[in-house]
Amino acid sequence: MNNHIPSVRIGMIQSAETIAFKCQGPFRAFDLHGNEVFKGKENKEYVASIQDSVPSEIAYRVRLAIADDLEVAEELQREFKDNRQKTDLWYPGLSLDLPTGKIDNHEYWIVTEPFESLDAAQEFANQYEPVGQAFVVKEILKRSTGSINIDGQTAEQGLVIAPVHPDHVIYLADVMVGIEFHWQHTRTQTIPGRLEINFNNLGKLAGINELDVETYLISVNSSEMTSENPLELLKAQTIAARSTILATMGKHHYDELYHLCSDDHCQCYHGIEHISDASRQAAQDTEGENLLYEGRVCDSRYAKICGGVMEDYGAVWDDRHIPYLVPGVDGNAEIDYPLDTEEKVTDYIDNKPDVYCNTIKYAISSKLPYNTTELFRWTVSYSRKELEEIIQEKLGDEMGELIDLIPGERGPSGRLVYMDVVGVHKTVRVGKELQIRRMLSKSHLYSACFYIARDLDDSGSIKTFHLHGAGWGHGVGLCQVGATVMAQLGFDYKEILRHYYKNSSLVKLY
Ligand SMILES: [Zn+2]
Ligand SMILES: [Zn+2]
């Protein structure tokens, strides 16, 4: 490992009353100014609790658009002004000094003026057209303050736990994993580097692991990387993950004191207990290699199964054109994309084209966590009543009885950009893909690429909805199953990355 590796701050515990931990060896506890608070003993459990705290003062605004450069941002601001929408410009992100130069990931956010309350901001964002484009953002007017009680001592504002021996690890108790997903539970996690305990915006405790980005990467990837995976796939995936980290640090959690959370929202990080040799090998072989586009590290998104056509960034997130996240066929089949009509998407789903992620045609190892023959093409059926209950759970019952679902605009991969949910009392427009997937399932529908078939009862009203779909996940960027098959077919990691991230180049940054 070289000493130019950037470090990253991961929010392991995002909100808690107490944080309990043990250290493999002796440690020193510092306050946030670097003054020693106490010396800790090996293998003794310590519990940090809140002595007193004051939550952050927050104003709520709505982010209307994102731009990579100032010129575009100001042009957007002029357009909003013409529509009588007053805006301000934010500049979240960070820059890193690396041996090869400075890497900067700042971007411009065009935000409204502050609203009276969170509800008012949320209401505005919900009503905003085009749907799925506006998001509530927090402006921290005054950051939370507080003091922590630990081992009979008081630490103002926060505490850093640093093992005396750099190889010693910290055992952090009660870390919640799978937040909002059906596998949610808590477990103790083993973390390297340092543990920082400080206050989140609610005035509750946050537990942050600060470690070098390569170790983080090895751990993040270990859950999915075994010796069953071809090494070239692992290398491609490692570079995509590394690039995403450097490209998004400081933006996903712009309002908190960590860069990334440890859950699915960012990338799953469960400590270093289960590091796989395959993951370590892939990281070491590609250390410091990143995808770049015009001097910026690429936010190289990836998902499980695209379904045959990679989706365009703008169809899933904000409306930007990102030149390295553009649609394309995931293989040699001739597919007449964009799949923007109901006929085209129905035909595409029913015909199961010969693409890399076609798990009916190409077998992948049964030991891989995403080995699944049923998610390249799938069907989910609901009785009208069942679906109505799922939707009312999310929207409240003001829409009344569910009458129908009407597909709206589709992205190039066939994923719905929005959909209308028609109720007796009102019609609600839902978008973009993640919101649609949440709306149509107790957890998440596999993807937003589906067409709808309906069984009718004698009176002609809908009895059952059949959603016939393709793929798993948002489909933008690297398709994990497709990339696995490419590697099995003999493509190397550079070819795989070129296929999924067009117009990008591979650069060793440290
Ligand atoms: Zn996150
Ligand atoms: Zn694919």
Next on the checklist: Step by step: first the residues of segment 251-269, then only those that are within 22 Å of Glu287 (Cβ to Cβ) and of a type outside the set (S, T, N, Q), then the one that is surrounded by the most Cβ atoms within 10 Å (Cβ to Cβ). Which residue is that?
Outcome noted: Tyr269
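Here is a check on your reading of the model: is Leu291 away from ligand 1 (no atom under 16 Å from the Cβ), touching a residue at least 24 places away in the same chain (Cβ under 8 Å) and more than 16 Å from the chain's Cα centre (by Cα)? Spell out the reasoning first.
Numbers: away from ligand 1 (no atom under 16 Å from the Cβ): yes; touching a residue at least 24 places away in the same chain (Cβ under 8 Å): yes; more than 16 Å from the chain's Cα centre (by Cα): yes.
Here the answer is yes, as Leu291 does meet what is asked.
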Checklist entry - Since Glu139 meets every condition but one in (1) surrounded by fewer than 18 Cβ atoms within 10 Å (Cβ to Cβ); (2) farther than 30 Å from Arg437 by Cβ; (3) touching a Pro at 6+ places or on another chain (Cβ under 9 Å), which condition does it not meet? => result (2)
Item to check | Residues of segment 486-500 that turn out to be surrounded by fewer than 24 Cβ atoms within 10 Å (Cβ to Cβ) and either β-branched (Val, Ile, Thr) or touching a Cys at 6+ places or on another chain (Cβ under 6 Å) (or both), as a count | outcome: 0
Checklist entry - Counting only residues that are assigned to a helix (DSSP H, G or I) and of a type in the set (Lys, Arg), which one in segment 358-407 is surrounded by the fewest Cβ atoms within 10 Å (Cβ to Cβ)? => result Lys385
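Somewhere in segment 109-124, is a residue in a strand (DSSP E or B) and more than 25 Å from Ile66 (Cα to Cα)?
The answer is no; no qualifying residue exists.
Name the residue, out of Ile335, Ile349, that is in a helix (DSSP H, G or I), within 16 Å of ligand 2 (Cβ to nearest atom), crowded, with 17+ Cβ neighbours inside 10 Å and touching a residue at least 12 places away in the same chain (Cβ under 8 Å). Don't jump to the end; show me each part of the working.
Numbers: Ile335 fails: in a helix (DSSP H, G or I).
Result of the check over Ile335, Ile349: Ile349.
If I go through segment 25-72 residue by residue, how many of them are aliphatic (A, V, I, L, M) and touching a Ser or Thr at 6+ places or on another chain (Cβ under 7 Å)? First the steps, then the outcome.
Within segment 25-72, the first condition is being aliphatic (A, V, I, L, M), and the residues that meet it are 29, 32, 37, 47-48, 50, 54, 58-59, 62, 64-67, 70, 72.
Cutting the leftovers down to touching a Ser or Thr at 6+ places or on another chain (Cβ under 7 Å) gives us 47-48, 54, 62, 64.
Total meeting the criteria: 5.
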Next on the checklist: Any residue in segment 302-313 that is more than 13 Å from Arg415 (Cα to Cα) and at pLDDT below 95 sitting within a Cβ distance under 7 Å of a residue that is surrounded by fewer than 22 Cβ atoms within 10 Å (Cβ to Cβ) and of a type in the set (A, V, I, L, M, F, W, C)? List the pairs, counting only those 6 or more apart or interchain.
Outcome noted: none
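Against the definition (buried (at least 22 other Cβ atoms within 10 Å of the Cβ), at pLDDT below 95 and touching a Gly at 6+ places or on another chain (Cβ under 9 Å)), how does Leu325 come out, yes or no?
On the way: buried (at least 22 other Cβ atoms within 10 Å of the Cβ): yes; at pLDDT below 95: no; touching a Gly at 6+ places or on another chain (Cβ under 9 Å): yes.
So Leu325 fails the test.
Within segment 251-278, which residues are within 16 Å of ligand 1 (Cβ to nearest atom) and among the aliphatic types (A, V, I, L, M)? Full working, then the answer.
Restricting attention to segment 251-278, the residues satisfying the condition of being within 16 Å of ligand 1 (Cβ to nearest atom) are 251-270.
If the condition is that a residue be within 16 Å of ligand 1 (Cβ to nearest atom) and among the aliphatic types (A, V, I, L, M), then Leu257, Leu260 are the ones that fit.
State yes or no: is Ser447 within 23 Å of the chain's Cα centre (by Cα), closer than 26 Å to Leu234 by Cα and among the polar types (S, T, N, Q)? Don't jump to the end; show me each part of the working.
On the way: within 23 Å of the chain's Cα centre (by Cα): yes; closer than 26 Å to Leu234 by Cα: yes; among the polar types (S, T, N, Q): yes.
Yes; evaluated as a whole, the condition is true for this residue.
The values are calculated or read from the model by the stated rules, or taken from the named source; none is laboratory data. Predicted model, so just to flag it, every value in this text is computed and none were measured. In this analysis, Cβ positions are derived from the backbone assuming ideal geometry, glycine residues included, and neighbour counts consider all displayed protein chains.
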